[in-house]
Structure formats: structure tokens, C-alpha cells
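No value in this document is a laboratory result; all are computed from the given coordinates. As the structure is a computational prediction, the values presented were derived from the model and not from experiment. Quick reminder, even Gly has a Cβ in these numbers, built from the backbone with ideal geometry, and neighbours come from all protein chains shown.
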Amino acid sequence: MIYKIRVFLDAKEDVFRDIEIKEKQTLFTLYKGIISAFSLQGEELASFYEVDEDGKQTKEIPLEDMSDDGTDETMADFYIKEAFANQGDRMAFVYDFMEMWTFVAELISVEDKPAVLNYPLTVYRFGSMPLKAPKKDMLVDLDDEDDIDFAEDAELNDLQIDEDLDVDDL
């Protein structure tokens, strides 16, 4: 089976690539296909993230095992048919954690056709890749008690340290 996965760049302009890949290839192979399709350097760390029904990222599937004991699962441990079980399944993909290139990969079709070329294969390109990763707006929910209270932080910055203060007095 050949899986066709549409990979969207998270940007204001539409930029996406359709990539065909065999069901028994891994997320690591898809990672390589995305790097090639979007002309990325391929020298940075990356991760796939499972996405729930609400679009929230859940489990991280990294490029490399970062655990101390070497037992974490990586992209090479997940077959395409496991990661994309049903048409419409999505995964988030982040490349280069400093620049934060962010993508969404969605299974758009599964075809029972013979493999004729080396996969993964970019079969359709739409839009031009920007030179720099699109910037993300950081939103703060003012109703969320866990968010930072900037007014309190500003007051803390204005405090003077009392040099005569003894630690035992606290």
C-alpha cells in the first residue's frame, strides 16, 4: 500500500507538499521525505507529535533517543501504517527547535498500487518555501491562573534589595 501524506507548513500563505510513502516505511523515512520536499538542511533535531481530536499535541516521537538509558522510542520505531491508521489522521512535525519550522502531516489517501520508484516521493508541490521559519504569536490567556502576571513581575523588578537584610529574618 502507498500512503499519500499532505504536509502543510504552518504559515499565513498556503505552502504544502504531497509525499507518497510505503506503509512499511517509518516516520524516520517520512522525516527524510519532508526535509527533501521542503528543501530543509536536514542537520537539525526534529519531532513528530501525535495529535488528538481537538488538535492538541500529545505524545512526542523524536528523531533521536535522548533518554539516559537509550530506551525511548524514536521515529525509526513507528511504521507509517501505525502512525496514520485512518484517512484524515494528522501528526504535527517540528523541525529545528531554535527556528521552529512547524508542519502538519495529514493522510489524504491510501492506494493499493505497485511501488514503481524509490520512496518517499514528492508528487505535488504548492507554494514557495519562505527563507525563514514563520514566527508564531505567543498568546497569553488572561483568565488562566497559571499565566504570568506581568504587573506583579514589573513590581518585583522595581524592588530594592535591603543590604542589611539577614537571611534569618525571613
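Hey, can you rank 100-107, 74-81 by average C-beta count inside 10 Å, highest first?
Values: 100-107: 19.4, 74-81: 17.4.
Taking the mean over residues of other Cβ atoms within 10 Å, the ranking is 100-107, 74-81.
Determine, for segment 2-126, the count of lysine pairs separated by eight or more sequence positions (or lying on different chains) whose alpha-carbon distance falls under 20 Å. For segment 2-126, the number of qualifying lysine pairs is 15. Its Cα centre serving as origin, segment 2-126 has a Cβ charge dipole (Lys and Arg +1, Asp and Glu -1) of approximately 760 debye.
Based on the mean of other Cβ atoms within 10 Å per residue, sort peptides 52-59, 91-98 so the most packed one is first. Numbers along the way, then the final one.
Details: 52-59: 9.2, 91-98: 18.0.
Highest-to-lowest ranking by the protection proxy: 91-98, 52-59.
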